[in-house]
Every structure is written in structure tokens, then in C-alpha cells.
Amino acid sequence: MAVDMNMSVLIVDDYKTMLRILRNLLKQLNFNNIEEATDGSMALDVLRSNNIGMVISDWNMEPMTGIQLLREVRGDDKLKHLPFIMITAESKSENVIAAKEAGVSNYIVKPFNAETLKSKLVSVLGEF
Amino acid sequence: MPAAKPKIKSVRKPAKKAVTKKPAASKATVSKAVKTSSSKPVKAGTIKARKAAVVVGKVMKSVQGKAAPKTSVLFAELEALAKYIQDAKKEISALSPDEVKDDFLPTASDELDAIIGATADATNVIMDSTELVEEVMAGLDGDAAQKLMTATTQIYEACGFQDITGQRITKVVSTLKSIEEKVDGLLAVFGDGANSTQKKSTKKTKTKIKKEITDEDLLNGPQSTDKAKSQAEIDALLASFD
């Protein structure tokens with residue numbers, strides 16, 4: 001099935017710079033419909049009031065972290081099937097394991113490049 | 001007197017044992033001897049008292065001989081400890097902990113915050129310019145557009161340094177705050193009260209043995225380059241679940 005390039009992608013990060021980087025890189029990959037949030041709780045509000053097709057979230061945020069957001073998403077009947085990519089500087093094994101156990105779709109470690117971002121998007125959504 | 005023999009014998013044996021091995025038993029032996037002496041008051045009593053004196057004397061000598069050096073060692077250790085504490089107080093005082101707490105640490109934190117701000121500003125300027133290049137690029141075709149696309153992508157990737165740097169600096173600021181609390185604790189213990197706030201450190205020592213990994217434990221921030229897991233290692237770990 002072809003990937004809907006018009007889907008809304010929610011990017012979540014407490015660093016505005018990173019939001020901007022992600023937005024620009026996603027635009028270069030032809031994802032033009034992008035929503036932003038700066039922590040987990042704000043992201044949940046956006047998710048519950050918009051038709052979001054995928055979440056790309058940082059881990060280390062306050063007050064609600066990325067892993068907490070992931071658990072909330074997976075515990076919500078309406079959101080639990082959303083593709084969820086964690087993109088974080090937290091690179092310890094226990095982080096990856098915890099994210100996987102919480103139901104993460106894929107995991108990108110910072111610093112990352114556009115090629116890695118694309119390959120993870122393809123692995124989650126399919127070729128585009 | 002055949003009847004007296006067993007009594008004297010029974011007193012002598014425990015007394016010998018008491019001297020050599022069990023001083024505590026000597027009390028029972030003496031007590032027993034006093035009771036026994038009722039049948040032979042003078043003779044038996046004299047012998048047993050002499051024996052008891054020998055036992056007590058030997059025990060006292062033994063105790064004095066052994067305890068005295070230990071006591072002096074203990075005194076010496078306590079004296080050294082007291083001197084160590086005094087020296088530590090002098091050294092801490094010479095470091096001007098109040099100055100460290102009130103000036104150096106806050107200044108260091110402010111400087112680091114300023115670095116975060118400056119790098120964020122610079123990164124935003126770089127991205128403003130890059131986005132402008134992208135706008136121009138939209139009107140181009142062919143090889144030139146592709147080259148500009150590659151260049152702008154690389155600029156965006158490189159701008160990620162601000163996020164990582166910011167996280168690292170935030171970690172250092174957090175460490176400085178922790179040091180500040182410890183300096184507070186030192187002032188409370190060693191400070192003279194005149195130049196210290198005497199605030200008690202509220203931060204509890206974290207136990208190193210953790211039974212369960214909490215969400216808090218998982219907030220480690222960026223790893224140093226030599227320790228950080230590569231994307232390939234992350235991928236392998238994820239794949240191990242499939």
C-alpha cells in the first residue's frame with residue numbers, strides 16, 4: 001500500500017531547533033503536513049484533537065517524557081496503532097529495551113542523518 | 001583424712017582451668033570454695049583464698065597487660081581523627097566555600113546557560129539562511145537543484161549539534177547544582193555559622209543498588225562518543241526482539 005504523503009506527522013521535542021530540523025528534513029522527504037509539540041502532554045492533546053498519521057518523538061522532555069507519551073498512546077484504543085518513532089540521545093540498551101517493551105515502532109539515536117531518518121520511516125511506513 | 005581429699009581436688013582442678021583458660025569460671029570456683037569451706041573452715045578457706053588471689057592477680061595482670069596498649073592505640077587514633085577533622089576544617093575554610101557557593105557555581109551555571117542560548121541563536125540564523133536557499137532552490141532544476149538539496153540537508157543534519165550540546169550542558173548544570181548542595185552540606189557541618197547559610201542539603205544519597213529501573217533512571221542524556229551506542233547497535237538490539 002502506498003504511503004500517504006499527506007498524512008499529518010506529529011514531531012515532539014522540547015528543543016525548538018530540533019523541531020525545525022525535523023520539519024525541514026521531513027519536508028525534503030515530501031512530508032509537508034507537520035504538527036509540533038514540545039512535550040508529551042502537549043503531544044497527547046494534539047493527537048486527541050487531530051488526525052495524526054505518525055509520531056516522531058524525543059525521549060527526554062518535561063513534564064511528560066517520550067516514553068510516557070508512548071505508553072499513553074499504546075494504552076489509548078484510538079491511538080494505539082499509530083506508528084511511533086523514538087528519536088533520542090538516550091542510547092543505552094535499557095532505554096532501547098524499555099522503548100521496545102512499551103511498543104515503539106523504531107528507534108533513532110541522535111545525532112542522526114537524513115538517510116537514517118528515511119530508512120526508519122521506510123521500515124515503519126513502507127517504501128515511498 | 002580420706003574424706004577431705006576429693007573436696008580439695010575438686011576445687012584445685014577448676015581453679016587451674018580458670019587461670020589458664022576461663023577467667024569467668026574462677027568466680028564460680030571461689031564461690032564454690034567458700035561454700036565448701038564450711039566443712040573445713042580454716043584450712044580449706046586459706047588455701048582457696050590464696051588460690052583465688054592468684055587467679056584474680058593473674059587475670060588483672062592479663063587484662064592490664066593486654067588492654068593498656070589497646071587503649072593507647074585507641075586514644076592515638078582518636079587524636080589523629082580529631083586532627084584530621086581540624087585540618088579538613090582549615091582546608092575547607094581556605095577554599096572559601098561561601099564564595100564557591102554564592103559566586104563561582106552560579107556564575108558557571110549562567111555561563112553555561114548563555115552557551116546554550118548563543119548556540120541556539122546561531123543555529124536559528126543558520127537555518128533561516130538555509131531555508132532561504134531552499135526557497136531559491138525551488139526555482140531551479142537539474143544538477144544545481146540537486147546539489148543545493150544535498151548541501152541544505154547536510155546543514156540541517158549538522159545543526160543537530162545544538163540539541164546534543166544543549167543536553168550535555170544541561171547535564172553539567174545539573175551536576176553543578178548537585179555540587180552546590182554538597183557544599184551547602186559541608187558548610188552546615190564544618191562552617192562557623194557566621195558566613196554560611198547553614199542550609200541542610202535535602203538531596204538524599206541515592207542507593208547504588210536498584211532493584212527496578214525507573215523512568216528517572218532512563219534519563220541519562222547523551223552518552224560520550226566512545227560509550228554511545230551506534231545506530232547499527234540500536235538496530236541490532238531492536239532486531240533481537242523480533
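Check the range B:98-120 and report whether any residue there is under 23 Å from the mean Cα position of the chain (by Cα) and outside any helix (DSSP H, G or I).
Kept after step one, since they are under 23 Å from the mean Cα position of the chain (by Cα), are these residues of the range B:98-120: B:100-101, B:105.
When the remaining residues are screened for being outside any helix (DSSP H, G or I), the result is none.
No, the range B:98-120 has no match at all.
Residues considered: B:Thr152, B:Thr119, B:Thr130, B:Thr123. Of these, the only one that is β-branched (Val, Ile, Thr), surrounded by 14 or more Cβ atoms within 10 Å (Cβ to Cβ), at the interface with chain A (Cβ under 9 Å from one of its Cβ atoms) and in contact (Cβ under 8 Å) with a residue 40 or more places away in the chain is B:Thr119. Residues of the range A:106-128 that are within 10 Å of chain B (Cβ to nearest Cβ), under 27 Å from A:Asp77 (Cα atoms) and either in contact with a helix residue (DSSP H, G or I) (Cβ under 7 Å, 6 or more places away or on another chain) or surrounded by fewer than 16 Cβ atoms within 10 Å (Cβ to Cβ) (or both): A:Asn106, A:Tyr107, A:Ile108, A:Ser123.
Every residue, every condition in (1) at pLDDT 90 or above; (2) of a type in the set (A, V, I, L, M), yes or no:
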residue	(1), (2)
B:Ala144	yes, yes
B:Ile169	yes, yes
B:Ser174	no, no
B:Lys177	no, no
B:Gly193	no, no
B:Lys200	no, no
B:Ala228	no, yes
B:Ala239	yes, yes
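Only residues that are more than 7 Å from chain B (Cβ to nearest Cβ), part of a helix (DSSP H, G or I) and in contact with a strand residue (DSSP E or B) (Cβ under 8 Å, 6 or more places away or on another chain) were counted in the range A:89-105, giving 1. Given the structure, is A:Leu25 assigned to a helix (DSSP H, G or I) and either modelled with pLDDT under 95 or in contact with an Asp or Glu (Cβ under 7 Å, 6 or more places away or on another chain) (or both)? Taking the combined requirement at face value, the residue does not satisfy it.
Taken as a whole, the condition of being away from every other protein chain (no Cβ under 12 Å), surrounded by fewer than 21 Cβ atoms within 10 Å (Cβ to Cβ) and assigned to a helix (DSSP H, G or I) does not apply to A:Val73. Any residue at all in the range A:53-63 that is in a strand (DSSP E or B), buried (at least 24 other Cβ atoms within 10 Å of the Cβ) and away from chain B (no Cβ under 14 Å)? Within the range A:53-63, one or more residues are in a strand (DSSP E or B), buried (at least 24 other Cβ atoms within 10 Å of the Cβ) and away from chain B (no Cβ under 14 Å). Sub-7 Å Cβ pairs linking a first residue in the range B:92-112 that is within 11 Å of B:Lys177 (Cα to Cα) to a second residue that is surrounded by 16 or more Cβ atoms within 10 Å (Cβ to Cβ) and not aliphatic (A, V, I, L, M), at least 6 apart or interchain, are B:Lys101/B:Glu180; B:Lys101/B:Asp184; B:Leu105/B:Glu180, ordered by first then second residue.
The values are calculated or read from the model by the stated rules, or taken from the named source; none is laboratory data. Just so we're clear, the structure is a prediction, and the values are computed from it rather than from any experiment. Every residue, glycine as well, gets a Cβ built from its backbone with ideal geometry; the counts of neighbours run over all protein chains shown.
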